[in-house]
Each structure stands twice: as structure tokens, then as C-alpha cells.
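Single-structure report; data block below.
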């Protein structure tokens, strides 16, 4: 027996700039973890980190020839890295006795820096290509075709980081008061975000799987972070078990895909499976398993069972982050694999996802109506919204992709905002909130109650809020793709959903009998105020003047179709 | 002042005053209501300017303004005014300051109350001026939120139920219309959502029927047309007085406006085909509304049901497909706004003093409060279409025009006029005649402020009744054009069937 001659291992050319956002997020995560574990030696660790970063900056400068009179752009990068190192050193020096504040600041800076890096990537890639005579983001596969740089990846990274930034702001005092503000909180948040942004940029099914594992593992821990709370434990365990189950299904799908196509690259696999010679039954099985795997992650009915329990039990800011960012990342991958890679095979999966979307929209909305716990209700509402988003995938068009991306950003703002207000209220009464607990809130605290109303009206899709524009974009893409019937189902679901959203507003503003806790003072905290104000401003601006972002989303919709 | 964006200003002034109110401390009620009144007064002045700048006798849109909004989706910010919208904008800008004056002493959470009223005014004016269908839809649904708050927060005992019902009914109708708008956009080649670009979109018969149905549901709920009228009595009864006034005077007109603005021009074939069915619904509305009104014990509910009857006339006028009837239907919308608005105001003044709306608890009000009694009688006469007052000049052309195209509908609806006299005069007799008994003893006569609120309405009721020509001059060209288009389609269809008959005969 002769062994197949092994090809020499080829080390791919690693384009670090392609994964720069992940590097920043991951690096900051490690740094925060390091500073937390260092204890009294915090300053010394920070100095070490500074030396590493400054050295790295020097290395980049040398590599890119910045010392030899290279263009400004190449000087800027090492300068920024060095500046980042200096900033963390300074922050550590000032806040060395308050590790949580330090962690929160560094995490916030990390998210902000990542947004900056993505903006830089965008500026590099924008205008590089034209479609119908108008600029779009060019698509580029890098690092042995594992990572894609394109609009879907960049836009989703922005969404994830925006959600992360607001989560840090609203979560600080919440975690402090629930005494779950342990050192791992921020690193886990950053690692989860790393997995999410990587998922959005995965050009290969193996990368998809790895990213899902990165983000899931971090989220499992975050869900169970309030370890004295049984609900939180239940949440973590359920999420872990069902997450593992869905990962296994996804992996089966990937294996079958490899069996049919001989590759795990999404675009190539799609092409290979679309060939007439491809074994049809095996292809369909592979597509089916992939669809089920994604359906679990995006909480489509009937694979949604975990969602309400997990949403209810997890610490509220974590729930908001999960709802917003995980959805964005998972749908980005959904788009890339189905609308992108398997676009040629849409006859096989569109009917199936059509039914899933219709059932998801209706079941999510109907079950939300009977909930009394607010987080649970928002969990079911998240399921219904996953159904609306699926319309954008089913449209298999550029309009579908751009409207899905836009929807995900708006959804991130409104759901993080809604959970943020809930976190504020939970801190006040130190228990989970039911609709009845909100009675009379509007009379005493019109501003937070008004904000929650704004987020809920936006979730319902009332004009003047970003939620309407997002829904309009999805409906428009759906009708354009000839899926008018599905859009009508979405309309029915929206009306049912409007009922439970406005029921909350009724409780806050229109009930005579105030709840028992109505007299308690509402905690004031600058971080949460800034975060909520930012989310609310985003929702209003995107509702009134969405033109700029709609244009960005159009530029971003550049999957091979 | 060439180039001054008058239409934008009409929307912006109330919107800005709503925003300003949000920044006034809640305890400064005087500043809050002064801001609101100033905003609505300026808006009214602007609308008078609009009346002056408007060229009577032209059919098309005037003073149009356009700005790009979301070019990527084919949406633009386009405004324009024609005879139809001019009348309704003027009605809105007139009713608003009067409502604010009527609610001058409102104390419960005044900040939100006045801000909601001003936001409502901005949305209503925007709705009548919008010439982009998505912009129209945005105003159509945006108006929902302040009205929902007005009913739900400041309404009566069953306000939560009424508010949710109102919200869901309108939201449902609106969303179907939204899908229809998007469908129409793509059927028309995805040019833009501008009003003119969606005219004459080539549609198959089935498509036209479905889209017609989607638009029709949205506006029929607004009218409200039997059998989707059930939200109205609840909303009216529970809403605070100003809420009822605005609801009746302006918001119900959105239905009639939508019929004439969108349904007839966009779907002429479906209109011709389904028109008779809608006429039946209109007639049912007229008779059913009148009969149910007669049975009411609550005077406010009585007026609410009388709205169902009056707006049945509007529907008959719009779908009779006759220019006289259609112009009458626009005038009827204005008249109903004036007289029903006035009736709700009067009932509100009474309720503030006596805290009851039960007809049976009153007697001899005319003696207890003679000015109030006189105004009530005058307004009731206007509402029941006494010749010489405004109600007559709207209802009579509707009956006259409908008699040309659908005589049965005109005959049946004429009974509605008689019934209106019956229920209003009967209620008047029970409440205002006889000895001063029951709640009437607590009744005091109207104050100067309240008389000032009523005076412009009374003057207009009389003015339109005696000399309606200026109103008709502005409304007629627009309406004639709309009806002429539909009639062309009908004639074309008749010619085609005629040809087919001939061919079969050969």
C-alpha cells in the first residue's frame, strides 16, 4: 500500500488587514483579561502590553517601509497601534484600583477602534468596483479563501460593534448591582464579538463553524453569568445543549457538502453542487442540514425552543447583545451561504425556507401575545423578526441582501435599547419585569417609559422610526422578488405583533392603578443614559433620514449572485 | 415671496411647536398651551396664505415642492395641493386652534397632551399634501401614535380597549395598503413612488382587484364604512372632547380623501366593477348609522353614529361616479367636519359642567343655558341638512348626482336625511325642552371663550350654506378631472363590450 504523496504544506499569504477588526477585538479581549488577572501588578502588565504593542507598531512600520518614506496611510497604522498601547497604559495608570471601570473603558475603546478599522477597510474597498455605473464594495477572498472582505462582512461588523458599544454602556451598572461584574465579563463580550465579526466574514464553511463555536462558547458562559440565579443557569445549560446539537447538525451539513463538492469553500461548493452531475439527493441532504443548523442559530420555528428560555434567563444586557449581534452575524452567514453560495440552487431551498419564514412570523407573534414576562415576550418577538429577516434571504437578490443588512442594524439598535430600558427597570425592583410591573411608569418616569415606547413602536414598524424603514426595505425586496404572499403573511404577523408591543405602552401610560414598585426611585446612571440616548437617536434618525445608510447598505450588497 | 416652501412650512410649524413643547418644563402649563396655540395660529395664517396663493379653476397640483429623500428606494419628499387637499388642509388648520382653545383648561399631563395635538396636526396636514405614496403612508401611520395616546391616556373609562382597537384597525388597513403600494411600484416598472408615476400602471384584472381591495380596506376603515365601523363609536365615546372633535372633523376625512385621491384614479376598472357594491355599503352606512343613532342613550355616541351616516353620504358621492356627486362629497366632508366638530365641542362643554352624557338625565337645557341651547339647535340643523345651512349644499348634490347614475342609491339614501332629522330633533326635544330637571340644573351657560370657539364654526356653517360657490370653484376642477378619467374607462369598456356583442351577433 502506498501512501498518497503529501503535498508540501503551503503557508498561505496572510493578509492581516483583512482580519484587522477581529485582531483588535481579540487583542483588547486578551488585554482586559490580562489586566484583570494581574491584580496589584496591573500597571506592570500594562507596561508589558505597551512594549508588545509598541514593538508591533515598529515591526509593521518596518515591514511596510514606513521608515523609508512610504505614503501617509502606511505611517498611520503603526502610529495608531502605538497610540492604542499608550492609551491603555494611561487608562490603566488612572484606573488601576478600579479594574471593572478599566475593563469597561478598554472594551468600549476596543469596540470604537474596531468601528474605526472597519471604516478604514470600507474606505479602501469602496469605489473599487462599479455596478450599474454606481460604486459598490468589491468582494475579495483572502487568507487561502477563508476570509472574505466584502460589504456583508463590513456592514455586519459595524452592526456588531455598535451593539457591543451600547451593551457596555448599559451593562456596567447592571452587572455591578447584580454582583455579577466579574473580570471575565468584558473579555467574554469581546470574544463573542470576535466570533460574530469573523462569522460575518467567513468565506469557508469551516470558518463558519469555527466562528460559530467562538461566539457560542463565549455566550454560553455569559448566559450563565448570574450563577446564583437558577434561571440564568437554566438559560446557559439550555443554550449549551441545543447549541451543541445545532453545531453538530451544521457540521454534518458541512461534511456532506464536502462529500458532494470536494471543497468547503462556500462559493466553490455552491458552484459544484449546482452542476448537473452532482449527486442530487446528497446535495439536498447537505443543504437541508445546513439550513437546520442556521435555523437553530437564528431561532426559526420549529427550531426556536431555546430562545425564550435563554433570553429570559440571561443577564438582561447580555440578552440584548445576543438578540442584536448574534442575529446580525448569523444572518450574514445565512446570506452568504444561501443567497450567495447556493443561489443557483434556490429552487431547492427557497420553498422550504418560505414555509419556515411564514411559520416563524406567525408563531413568534402569536406566542408573544400570551407572554407576561417582558424578556420572554421580547424573545418571541425576536423570533418573529427572524421570520421577517428571512424574507430578505429568500428574495435572493441584491435588494434582499441590502435590506437584510439594514434591518439588522436597525434591529440591533432597537433591541439593545429595549433590553437596556428593561435592565434599568430590573435594577430598580431587583426582579424580572412583567407587563403588570410597568403600570404607571409613564406618569412618574416619562423619559425612560417614552424611550421604551419608542423602541417598541420601532419594533412594531410604525413610521417615523427606523423599524418602519427596515420593514419597508424588506417588504420591498420581497415584493420585487415575487414573494408578495410571504409579505402579506409578514403584514398579518406585524399586526399581531403590534398588539403586544402597544399593550406594554398601555400598561406604562394608560393604567390608573400604579404597580407596587412604581414608587421606587429609578437608578440614575450616566453610562446607561448615554447608551440609551444613542440607541434612541439612532432609531429616530434612521426613521426620518435613512438615505445615507440605505446607500451604504446598497454598496454593501455585493455577494456573487 | 417666490420660492418660499409654503407647504413644508404648513407641516413644519406644528411639528416644531410640538418639539418646543417637549422642552418646556411640565409645570409651565401657560407656556405649553401658548406655544401650541401660537403654532396652530401661525399654521392657520399660513393656510390662509395658501388659499390666496391657490389658483381656483385649475385641476392639477399647485405649489409643488420636491426634495430627494431616499433615492435608493425611489422615495422622494414631494408635496402639492389641489382643490381636494386645499379644502381638507383648511379644515384641519381651522379646527386645530379651535380645539386647543376648547381644551384651554386641560390640566392632566398638559405637556404630553398639547404636544400630541400639535404632532397630530403636522401629520394630518402632511397626509393631505403628500404626493409621494410612501410619504403619504408615513404620515398616515404616524398620525396613529398621537391619536392613540390622546384616546388611551386622556380618554374615558374604557379608553385602553378603545385605544388598542383604534390602533390595530388602522395599522392593519395601512399595512395592506403599504404592500399594495410596493406592488404597484414594481408593476409600474419601479420608477418611483411619486403619485403621478403610479397612475395608469398596466395591471391585469385580477391584480387590479386585489390592489383595489388593499387600498379600499385601509380607507374604508378610516371612513368608517359599514361593517368596519365598529372602532368608531368606542374611540369617539372614550376620547377626550378635542380627540373626538379632531377624529370626527378631520381624521375620518382621510377615508373619503383616499377614495377620491387614490382609489378612483388608480383603479378605474375595479372601481367601475365594484362600485355598486360599495354604494350598497354606503347606503347601509347611511341607514344603519341613522337607525343606531336613534337608539343611543349617550348623546356623544349618538353623534358618533350620526358620523357613520354622514360619511355614508361621502362614500355614495365618491362612488356614484358623477362629478356633481363627487364634488358634493368633498363639500360634505368639510360640512361634516364643521357641524359634527361643533356638536362634539358642545357636548364637551356640557360634560365638563355636568359629567354626564346620558340623554335621559337632561331636560329643559334650553332654559338653563339659552346660548348653549341655541347653538346646539343651530348645529343640529346644519347637521341634518336644513336648506340654507351648509349640510344641505353637500348632501343635495350627492343625491342629485347619484340619482343620475344610481337612482336606487339616491332614493334609499334620501331616507337617511329624514332619519337624521328624526334622531337629532328627538334628542334635542328630550334634552332641551321641558322643565329644568336632573343634570340640567348644574348646567351654566357658555363662557366667552367657548362662544369664541363656536363663533367661526357657526359663521362658516351659515356662510357655506348661503354662498357655497367659492368652495365649489376650487373643488370642482379637481373632482371633475378624477371622475372624467373613470368615466373614460367606463365608456371604453362599454365600447369594447359593444364590439364584442356586435361580433357575436354577426
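The values are calculated or read from the model by the stated rules, or taken from the named source; none is laboratory data. Predicted model, so just to flag it, every value in this text is computed and none were measured. Quick reminder, even Gly has a Cβ in these numbers, built from the backbone with ideal geometry, and neighbours come from all protein chains shown.
Taking the conditions exactly as written (within 14 Å of chain A (Cβ to nearest Cβ) and in contact with a strand residue (DSSP E or B) (Cβ under 9 Å, 6 or more places away or on another chain)), does residue B:68 satisfy them or not? For residue B:68, the condition - within 14 Å of chain A (Cβ to nearest Cβ) and in contact with a strand residue (DSSP E or B) (Cβ under 9 Å, 6 or more places away or on another chain) - is met. Criterion applied to B:60, B:80 was being out of contact with any strand residue (DSSP E or B) (no Cβ under 8 Å at 6 or more places or on another chain), surrounded by fewer than 21 Cβ atoms within 10 Å (Cβ to Cβ) and under 30 Å from residue B:328 (Cα atoms), and the one residue passing it is B:60.
Which residue out of A:440, A:467 is more than 8 Å from every other protein chain (Cβ to nearest Cβ) and at pLDDT 90 or above? Going through A:440, A:467 in turn, just one is more than 8 Å from every other protein chain (Cβ to nearest Cβ) and at pLDDT 90 or above: A:467. For residue B:321, the criteria (1) outside any helix (DSSP H, G or I); (2) under 30 Å from residue B:105 (Cα atoms) hold in every case but one, which is (2). Of the residues A:477, A:481, the single one that is surrounded by 24 or more Cβ atoms within 10 Å (Cβ to Cβ) and more than 8 Å from chain B (Cβ to nearest Cβ) is A:477. Anything in segment A:492-541 that is under 27 Å from residue B:170 (Cα atoms), away from chain B (no Cβ under 12 Å) and crowded, with 20+ Cβ neighbours inside 10 Å? List them, or say none. Answer for segment A:492-541, where residues must be under 27 Å from residue B:170 (Cα atoms), away from chain B (no Cβ under 12 Å) and crowded, with 20+ Cβ neighbours inside 10 Å: A:536, A:538, A:539. For residue A:248, the conditions (1) touching a helix residue (DSSP H, G or I) at 6+ places or on another chain (Cβ under 8 Å); (2) free of Cβ contacts under 8 Å to residues at least 60 places away in the same chain; (3) part of a helix (DSSP H, G or I); (4) surrounded by fewer than 24 Cβ atoms within 10 Å (Cβ to Cβ) are fulfilled apart from (1). Taking the criterion of being surrounded by fewer than 21 Cβ atoms within 10 Å (Cβ to Cβ) and more than 24 Å from the chain's Cα centre (by Cα), the residues of segment B:180-198 that qualify are B:186, B:187, B:188, B:189, B:190, B:191, B:192, B:197, B:198.
Residues that are over 30 Å from residue A:439 (Cα atoms), touching a helix residue (DSSP H, G or I) at 6+ places or on another chain (Cβ under 7 Å) and more than 9 Å from every other protein chain (Cβ to nearest Cβ): find the helices (runs of 4 or more DSSP H) completely inside segment B:141-231 holding 3 or more of those. The helices (runs of 4 or more DSSP H) meeting that bar are B:159-187, B:205-222.
Which one of these does residue A:402 not meet: (1) within 11 Å of chain B (Cβ to nearest Cβ); (2) within 18 Å of the chain's Cα centre (by Cα); (3) closer than 19 Å to residue B:175 by Cβ? Among (1) within 11 Å of chain B (Cβ to nearest Cβ); (2) within 18 Å of the chain's Cα centre (by Cα); (3) closer than 19 Å to residue B:175 by Cβ, the lone unmet condition for residue A:402 is (3). For residue B:35, the conditions (1) closer than 26 Å to residue B:341 by Cβ; (2) buried (at least 24 other Cβ atoms within 10 Å of the Cβ); (3) modelled with pLDDT of 90 or more are fulfilled apart from (2). Being more than 30 Å from residue A:268 (Cα to Cα) and either in a helix (DSSP H, G or I) or under 16 Å from the mean Cα position of the chain (by Cα) (or both): is that true of residue A:345 here? So residue A:345 does not fit the description; no. Of all residues in segment A:276-303, those that are in a loop (DSSP other than H, G, I, E, B), in contact with a helix residue (DSSP H, G or I) (Cβ under 9 Å, 6 or more places away or on another chain) and farther than 18 Å from residue A:209 by Cβ total 6. For segment B:358-380, which positions are surrounded by fewer than 24 Cβ atoms within 10 Å (Cβ to Cβ) and under 14 Å from residue B:306 (Cβ atoms)? Result: B:359, single match.
Here's the yes/no breakdown for (1) over 30 Å from residue A:147 (Cβ atoms); (2) surrounded by 24 or more Cβ atoms within 10 Å (Cβ to Cβ); (3) in contact with a strand residue (DSSP E or B) (Cβ under 8 Å, 6 or more places away or on another chain):
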site: A:316; (1), (2), (3): yes, yes, no
site: A:340; (1), (2), (3): no, yes, no
site: A:345; (1), (2), (3): no, no, no
site: A:359; (1), (2), (3): yes, no, no
site: A:371; (1), (2), (3): yes, no, no
site: A:378; (1), (2), (3): yes, yes, no
site: A:381; (1), (2), (3): yes, yes, no
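Here B:425, B:419 are screened, and the one residue that is in a helix (DSSP H, G or I) and within 28 Å of residue B:88 (Cβ to Cβ) is B:419.
The residues of segment A:395-407 that are within 16 Å of residue A:487 (Cβ to Cβ) and either in a helix (DSSP H, G or I) or free of Cβ contacts under 8 Å to residues at least 60 places away in the same chain (or both), listed by number, are A:399, A:400, A:403, A:404, A:407. When each of B:124, B:117, B:129, B:133 is tested for being in contact with a strand residue (DSSP E or B) (Cβ under 6 Å, 6 or more places away or on another chain) and more than 10 Å from chain A (Cβ to nearest Cβ), the lone residue that passes is B:129.
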